[in-house]
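Presented below is the structure to which this report refers.
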Amino acid sequence: MDNGWELVKTHIFAGNCNAIPTNKGGNSQVGQFPFHENHAVGITTYTLTLDLNSLPTCMCVATHVEVVKRDENGNVIQGETAWREGTGFGGGNWAMKFNYCKQECTDEPQE
C-alpha cells in the first residue's frame, strides 16, 4: 500500500472464470471468495501462497481489499475498497478480474 493506506481485509479468488462468486446481476460476492484474511492494524503488504497444482493451467484471479487511512492517534479517517486492475465482471459495479496462466520456472543463469 502507498500514501498512508493500510490493509484491513483481503478477498481473493483464483480458479475457473465461471466459478467466481457473483449474484444474479453479475456483481461479485467478495464475501464468498475462498481466500480471505482480516489484517492487524498497520499492515501494508500481504502475500498469499497457493498450491498451483490445485488450480487450472489458465485461470481468473480477482483481488479485492478493504483499506483505511488513520490520523496520528490511530483513528480511522478514511476507508475505501479497491480491486487489482483488470477487466470488469460485467455486473453494475467496478469489480475486476485478470487472467493468469501458469509458467514453468527455470534456473537459467542471469547475465
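Packing-based ranking of 9-19, 27-37, 84-94 yields 9-19, 27-37, 84-94, ordered from highest to lowest mean Cβ neighbour count within 10 Å. Within the shell of other residues whose beta carbon sits under 14 angstrom from the beta carbon of Ile77, the net charge comes to -2, with Lys and Arg scored +1 and Asp and Glu -1. Under a Gaussian network description of the chain, with springs only between Cα atoms under 10 Å, the residue in Lys69, Lys24, Lys97 that fluctuates furthest is Lys24. For the stretch 17-24, 3J(HN,Hα) computed residue by residue from phi via the Karplus equation (6.51, -1.76, 1.60; θ = phi - 60°) reads 4, 6, 9, 5, x, 9, 8, 4 Hz, glycine and proline entered as x.
Rounding to the nearest 20 debye, state how big the charge dipole of the chain is about its Cα centre with +1 on each Lys and Arg Cβ and -1 on each Asp and Glu Cβ.
In debye, rounded to 20, the chain gives about 640.
Computed 3J(HN,Hα) for the stretch 39-49, one whole-Hz value per residue from the Karplus formula 6.51 cos²θ - 1.76 cosθ + 1.60 where θ = phi - 60°, is 10, 6, 4, x, 6, 10, 9, 8, 10, 10, 9, glycine and proline marked x. Here the Karplus relation 6.51 cos²θ - 1.76 cosθ + 1.60, evaluated at θ = phi - 60°, turns the backbone of the stretch 25-33 into coupling constants of x, x, 7, 5, 10, 4, x, 9, 5 Hz, with x for every Gly and Pro.
A short reminder: the numbers here are calculations on the coordinates, not readings from a lab. Please read all numbers here as calculations on a predicted model, not as lab measurements. Counting neighbours? That spans all protein chains shown, and the Cβs are built from the backbone with ideal geometry, glycine included.
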